[in-house]
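Q: Just passing along the structure, written as C-alpha cells.
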Amino acid sequence: MKKEKSKHTILILGASGFLGNALYKELCPYFRTFGTYRIPKREFEKNQHFFQYNVEEDDVYEILQAVKPTIIISALRGDFSAQVIAHAHIVEYIKTYKSKLIFLSSANVFDAYSKYPSYENDKTLSNSIYGHFKIKIENALLRLPKKHVAIIRLPMVFGAQSPRTQEIKYFFKEKEPIEVFPNLIMNVSTDSKITQQIHYIINRNKSGIFHLGSNDLVHHDDFIKDIITALQIKTPLLKQVFTTNDDRYLAVLPKENLLPKHLQFTSKDVLSELEV
Ligand SMILES: NC(=O)c1ccc[n+]([C@@H]2O[C@H](COP(=O)([O-])OP(=O)(O)OC[C@H]3O[C@@H](n4cnc5c(N)ncnc54)[C@H](OP(=O)(O)O)[C@@H]3O)[C@@H](O)[C@H]2O)c1
C-alpha cells in the first residue's frame, strides 16, 4: 500500500460533489489526494488537502501549480464556458508536466443518436447544450497523446446517496410526482462501481475512452419503479413524460475498452445496493 501511495499525486476537481467525494474517499488511503470544493463547508475548510475553487472566478492553474498533480480528475459542474476555459488550462498543464486527466463525461455526447446504444469509437453528436459542452472538452482532450487522457462516459448514476435517489425520496415525502420516461432506454451506474473502476484505471495506467455503465439496458420507467420498490416506497405518485413517440436510447456500452469481469455489472447490481 505504501508503494502505491507514493506513486501519484491526485487532484480531484469537484471533490465535494457526489462522484468527486466518492472518488476522494476511495483514493485517499492509497494516493496523495487533493480536492476542490466551491461552497464553504467546515469539513472541507479544515482539511488541508482541500482548496476552495470556483471555475467562474478562479484560475485552475494556481491550484495545479500548488498541488503538482500527476493525475487530475475532473468531476466538476458549473458554468459551461468557464469549464471549457479551465480544461484548456488543464490541457496546457498536462502538456508541460506530462501528467494525466481523467474526465467525467456523459452519455449525452450521443443524445442526438436515439436509435441505438453507443460504443466508445462512435462519432459523438448532441442536441443538448450539456452534450455539446461535453463534446467540446472531449475533442480538446482527444488531441492530446492518448496516454495522457481517460474519458469516462457515464450513464445516469444512482446509488444510495445519489442526488437522483435522494430526489425520489424527497418527491415521495412532499407528495409530488416522480417523473418517468417510458420511451427512454438506458444503462445505469452507481458511485461504488465507478470509484472501483476508476481506481483500476489509475492502478493499471489505462487510457482512452471508457463506457462505464451496466452491461444491460433498462427502460427508465421500469428502473425507477424498481428503485421505488427497493426503497420500500409504497403508493408513489408517477408522472409519465413522453418526449417522442418512439423508443429513444441513451446508453453507453463498452466494446473496445473493456474492464475485467469483476468490474462489470448489471442494472440488478445497482438496484441491490439500494435495497433497505
Ligand atoms: N451524477 C450523474 O448521474 C452523472 C452522469 C453523467 C456524468 N456526470 C458527470 O460527473 C461529474 C460529477 O457529477 P456529480 O453528479 O458528482 O455532480 P455534483 O454532485 O453536482 O458535484 C459537482 C461538483 O462540482 C462543484 N462545482 C459546482 N459548481 C462549481 C463552480 N462554479 N466552480 C467550481 N466547482 C463547482 C461542486 O462543488 P460544491 O458542492 O461546493 O458546489 C461539486 O464538487 C460532472 O461532470 C457530471 O457531468 C454525472
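What follows draws every value from the coordinates through simple rules; no lab data is involved. Being a predicted model, the structure only gives us computed values, none of them experimental. Neighbour counts are summed over all protein chains in view; Cβ atoms, including those assigned to glycine, are modelled from backbone coordinates with ideal geometry.
Q: Using a Gaussian network for the chain with springs between C-alpha atoms less than 10 Å apart, which of these wobbles most: Lys95, Lys225, Lys234?
A: The residue with the greatest mean-square fluctuation here is Lys234.
Q: Based solely on its DSSP helices, what 222 nm [θ] is calculated for the chain when runs of n ≥ 4 H residues each add -39,500 (n - 2.57) and the sum is averaged over all residues, nearest 500 deg cm²/dmol?
A: When only DSSP H runs of four or more count, the value is -11000 deg cm²/dmol.
Q: Roughly speaking, what is the stretch gain from Thr266 to Leu142, that is 0.36 nm per residue apart minus the C-alpha to C-alpha distance, in nm to one decimal?
A: Extra length from Thr266 to Leu142 when fully extended: 41.7 nm.
Q: The stretch 179-222: which trypsin sites (Lys or Arg not before Pro) are DSSP loop and have at most 10 other beta-carbon atoms within 10 angstrom?
A: Those satisfying the criteria are Arg204.
Q: So for the chain, averaging the separation of alpha carbon pairs under 8 Å that are six or more residues apart and normalising by length, what relative contact order in percent results?
A: 18 percent
Q: Which of the peptides 171-182, 70-81 is most tightly packed, and how do the rest follow, judged by the mean count of other Cβ atoms within 10 Å per residue?
A: 70-81, 171-182
Q: Would you kindly state how much longer the chain becomes between Glu57 and Phe242 on full extension, computed as 0.36 nm times their sequence separation minus their alpha carbon distance, in nm to one decimal?
A: Result for the pair: 62.7 nm of gain on full extension.
Q: Could you check the simple spin-label distance between Glu256 and Glu43, using points 7 Å along Cα→Cβ, in nm with one decimal?
A: Going by the 7 Å Cα→Cβ label model, 3.8 nm.
Q: Given the pairs Lys7/Lys136; Lys169/Lys193; Lys123/Lys193; Lys173/Lys239; Lys123/Lys255, which span a C-alpha to C-alpha distance of over 19 angstrom in this model?
A: Too far apart for the 19 Å limit: Lys7/Lys136; Lys169/Lys193; Lys123/Lys193.
Q: Still on this structure: In degrees, nearest 10, range 0 to 90: what is the angle between the Cα axis of helix 18-27 and the longest Cα principal axis of the chain?
A: Roughly 50 degrees between the two axes.
Q: Another question, if that's okay. What residues from the stretch 170-214 fall in the zone where the backbone N is under 12 Å from a label point 7 Å along the Cα-to-C-beta line of Lys25?
A: 191-193, 195
Q: Per-residue counts of other Cβ atoms within 10 Å, averaged by peptide: what ranking do you get for 136-149, 98-111, 157-170, 238-251, highest first?
A: Those peptides, ordered most packed to least, come out 98-111, 157-170, 136-149, 238-251.
Q: Still on this model: Just how far, in whole angstrom, is the stretch 83-123 from the stretch 20-40 if you go by their alpha carbon centroids?
A: So the separation of the two Cα centres works out to 21 Å.
Q: In addition: In the Gaussian network model of the chain, springs joining C-alpha atoms below 10 Å, which of Asn21, Asn47, Asn183 carries the largest mean-square fluctuation?
A: Looking only at Asn21, Asn47, Asn183, the biggest GNM fluctuation is shown by Asn47.
Q: If you put +1 on each Lys and Arg Cβ and -1 on each Asp and Glu Cβ, how big is the dipole of the chain around its Cα centre, in Debye rounded to 20?
A: The dipole of the chain has a size of about 1120 debye.
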